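**Student:** Input: one structure, supplied below.
What follows is calculated from the coordinates using simple rules that are stated; it is not laboratory data. Quick caveat: nothing in here was measured; it's all calculated off a predicted structure. Every residue, glycine as well, gets a Cβ built from its backbone with ideal geometry; the counts of neighbours run over all protein chains shown.
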Amino acid sequence: MSRSVSTAVVTGAGSGIGRAIAAELGRQDHDIIIVEVDEAAGKESAASIREAGGSARLVSCDISHTDSVREAFEQIGPLDILINNAGLTRDNLAMRLKEEDWQTVLEVNLTSAFRLSRAVLRSMMKARWGRIIGITSIVGVTGNPGQANYAASKAGMIGMSKSLAQEVASRGVTVNCVAPGFIATAMTDVLADEQKEKLNAGIPAGRMGGVDDVASACVYLASNEAAYVTGQTLHVNGGMAMI
C-alpha cells in the first residue's frame, strides 16, 4: 500500500530542526499538524507553511503531560506520519547533575516520544500504513561529557524505536530514527568563530550540517520508497562519527 497526500504530526516544530522538517514535509504536499507547547512559535511556523502554499495548523500540547497528549490526539484523529522531534537539554557534569534535571530530560525526550508513539500505533496498524520517526542525536551513540541525561534519553529513543519496529512491521508501519550531528541552529549561532572552527575541524565534511539536511532524511524515511526500511538510525553528521 502507498500514500501520497497524508497527515503528518511534527512535535516541537516551532523552531530549528522541527520547523525545517515541518516545512519540507509541507512542500511534499503532506497536511502538517504542528504539536507545540509554544503557541506563538507554533502559529508562526504553521503560517509560514501556508504562505508557501502548504496545509498546516497548530495543536497546542505539552507532551510531558499524558492528559494534554490525549486531548491533542482526540483533536487530531488518525494520522500517517509522526515525527518525535521535541526535546530539551539540562546539561551538567554527572556529579553535579540534579535528579530533577535527569528526570525532566528523560520525561520530555524519551517518555513523551513513547507516549506519542503509543497514541498513534493503533490507527496506523489498522490502516496498515504508518511512519514514526524519532529525532535522536549522535550523542545517543557516542556519549558526551556533561550530557549523561541527554545521551541516555537519545540512546533510549534508538532502543525503543527498534523494539516498536519489530512489533508493527508486519502491519506496514515503520519506526526509524534520524541522528543529527552538529547542526547550525540558533544555539550554535552564539558560538565564537574560534569555537566553530574547532568543531568543523572534527567533521570530515568540514562544516556543520543545516536543518534542511535533517529534514531531507525525514522526508525519505516518511516516504513510500522507505517502506522496507525499519528499525534503523540514519546518521546525518558529515562523517563526524561513521557508525
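**Student:** Full extension from LEU106 to ASN144: what is 0.36 nm times the residue separation minus their Cα-Cα distance, to one decimal in nm? Display every interim value, and only then the final one.
**Tutor:** Details: separation 38, 0.36 × 38 = 13.68 nm, distance 1.59 nm.
Here the segment from LEU106 to ASN144 would lengthen by 12.1 nm.
**Student:** Under 1.5 on a/c is rounded, so check that first for the chain, then, if it is not, pick prolate when a/b is larger than b/c and oblate when it is not; a ≥ b ≥ c are the square roots of the alpha carbon gyration tensor eigenvalues. Don't jump to the answer; show the numbers that get you there.
**Tutor:** Working: a/c = 1.42, a/b = 1.35, b/c = 1.05.
The shape class here is rounded.
**Student:** Would you mind checking the range 207-243 for residues with the amide N under 19 Å from a putative spin-label position 7 Å along Cα→C-beta of ASN200?
**Tutor:** Within reach of a label on ASN200: 207-214, 237-241.
**Student:** What are the semi-axes of the equivalent ellipsoid for the range 81-216, taken as the square roots of 5 times the Cα gyration tensor eigenvalues, largest first, in whole Å? Walk me through the intermediate numbers first.
**Tutor:** Details: eigenvalues 175, 74, 26 Å².
Working through the eigenvalues yields semi-axes of 30, 19, 11 Å.
**Student:** Sorted by average packing, counted as other Cβ atoms within 10 angstrom per residue and highest first, what order do 113-126, 130-143, 61-74 take?
**Tutor:** So the order, starting with the most tightly packed, is 130-143, 113-126, 61-74.
**Student:** For the peptides 95-104, 46-55, 75-84, what is the packing order when you average, over each peptide's residues, the other Cβ atoms within 10 Å and list the highest mean first?
**Tutor:** Numbers: 95-104: 12.3, 46-55: 15.4, 75-84: 20.8.
Highest to lowest by the protection proxy: 75-84, 46-55, 95-104.
**Student:** Per 0.36 nm of contour for each residue apart, how much would the distance between ASP29 and ALA241 grow if the chain were fully extended, relative to their Cα-Cα spacing? Walk me through the numbers on the way to the answer.
**Tutor:** Details: separation 212, 0.36 × 212 = 76.32 nm, distance 3.31 nm.
Length gained between ASP29 and ALA241: 73.0 nm.
**Student:** Kindly identify the range 163-243 as rounded, prolate or oblate by the Cα gyration tensor criterion: order the square roots of the eigenvalues as a ≥ b ≥ c, call it rounded if a/c is under 1.5, otherwise compare a/b with b/c, prolate if a/b is larger, else oblate. Each step should come with its number before you reach the end.
**Tutor:** Working: a/c = 3.16, a/b = 2.66, b/c = 1.19.
Taking the square roots of the gyration eigenvalues as a ≥ b ≥ c, the range 163-243 is prolate.
**Student:** Give me the mean projected area, in nm² to one decimal, of the convex hull enclosing the Cα positions of the range 1-67.
**Tutor:** On the way: hull surface 19.5 nm².
For the range 1-67, averaging the hull's shadow over all directions gives 4.9 nm².
**Student:** What's the angle, to the nearest 10 degrees (0 to 90), between helix 148-168's Cα axis and the longest principal axis of the chain?
**Tutor:** 30 degrees
**Student:** Counting DSSP beta bridges in the chain, what percent are antiparallel, to the nearest 5?
**Tutor:** Values: 0 of 30 bridges.
Percentage antiparallel, nearest 5: 0.
**Student:** Relative to the longest principal axis of the C-alpha atoms of the chain, give the angle of the C-alpha long axis of helix 66-76, reported between 0 and 90° and rounded to the nearest 10°.
**Tutor:** Value to nearest ten degrees: 50.
**Student:** Let me ask something else about it. Treating only the Cβ atoms of Lys and Arg (+1) and Asp and Glu (-1) as charged, compute the dipole magnitude of the chain about its Cα centre; round to the nearest 20 debye.
**Tutor:** Numbers: 22 positive and 26 negative charges, 164 e Å.
Result for the chain is approximately 780 debye, rounded to the nearest 20.
**Student:** Expected output is a single nm value to one decimal: the length gained when fully extending between ASP62 and GLU99, i.e. 0.36 nm times separation in residues minus the C-alpha distance. What is it?
**Tutor:** On the way: separation 37, 0.36 × 37 = 13.32 nm, distance 2.11 nm.
So the chain would gain 11.2 nm between ASP62 and GLU99.
**Student:** Using only C-alpha positions, report the orientation-averaged shadow area of the convex hull of the range 111-152, nm², one decimal. Mind showing how you got there, number by number?
**Tutor:** On the way: hull surface 13.8 nm².
The number I arrive at for the range 111-152 is 3.5 nm².
**Student:** To continue, here is another question. Report the Stokes-Einstein translational diffusion coefficient (µm² s⁻¹, integer) for the range 57-152, Rh taken as the Kirkwood radius over Cα pairs, at 4 °C with viscosity 1.567 mPa s.
**Tutor:** Numbers: Rh = 14.6 Å.
For the chosen part, D equals 89 µm²/s.
**Student:** Take peptides 34-40, 87-93 and line them up by average Cβ neighbours within 10 Å, highest first, as a rough protection proxy. Intermediate results must be reported in sequence, preceding the final value.
**Tutor:** Working: 34-40: 20.4, 87-93: 15.7.
Ranked by mean Cβ neighbours within 10 Å, highest first: 34-40, 87-93.
**Student:** For the chain, what is the mean residue ellipticity at 222 nm derived from helices alone (per DSSP H run of n ≥ 4: -39500 (n - 2.57); sum divided by total residues; nearest 500 deg cm²/dmol)?
**Tutor:** On the way: 10 runs with 109 residues, N = 243.
-13500 deg cm²/dmol, from helical runs alone.
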